[in-house]
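A short write-up of the structure that comes next.
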Amino acid sequence: MELTGSHRIPAARERVWAALNDDAVLKASLPGCETLERAGANDYRASGAAKIGPVKAALQGGWTVESREAPASARLAGQGAAGPDGFAKGTADVSLASEGAETVVTWRIDAEVGGKIGALGSRLVTGVARQTVETFFGNLAREIEARPDLGAAVTEAPPLAPADEDEAPAATAPQP
């Protein structure tokens, strides 16, 4: 399944970027989100509930920020499971462009859905997925409006941490 779209948010790009990197804002913006926590510098875990047609599913999943270029773009890889009801996995590319005092967020999602949820049919699943993304960005815009100090101090997310501790640069002692 491939989904693309854009959403106009009435805030500066730096504020939108800050919101997309704020755990509390993300939790408040994700439809049905019950828990959200960082599992590492670039990893998030979440749980929640969703209704897709006749299926009410308890979801467990997460995503990894694979790349980011503050405050312009990010690439995410994620997966979710709903027990016997199904699963989803895929990638999302998000880019932010300034248009006057507003930000246009453009997104593309490539996902695979399986199990009972996948069997519901691509039109139903695609429609629910598109509505969920639109609801997320609407909620995000409200959260940004409600938090005037968001993005005031920091406009960049921390750099990506190495995927494996063995890849981290070794500490060196000062040379005399």
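The values are calculated or read from the model by the stated rules, or taken from the named source; none is laboratory data. No experiment lies behind these values; they were computed from the predicted model shown. Glycine gets a Cβ as well: all are built from the backbone with ideal geometry, and neighbour counts include every protein chain shown. Side chains are part of the model used for accessible areas, which takes the heavy atoms of the whole protein and leaves out ligands, DNA and RNA. Shrake-Rupley method; radii C 1.70, N 1.55, O 1.52, S 1.80 Å.
Results, tabulated for the structure shown:
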item: Lone unmet requirement of (1) more than 17 Å from N139 (Cα to Cα); (2) open to solvent by less than 20 Å² (accessible area, probe 1.4 Å); (3) part of a strand (DSSP E or B) for I117; result: (3)
item: Of all residues making up segment 67-113, the number that are surrounded by 15 or more Cβ atoms within 10 Å (Cβ to Cβ) and not in a strand (DSSP E or B); result: 5
item: Any hit, segment 21-32, residues being out of contact with any strand residue (DSSP E or B) (no Cβ under 9 Å at 6 or more places or on another chain), closer than 27 Å to R147 by Cα and polar (S, T, N, Q); result: yes
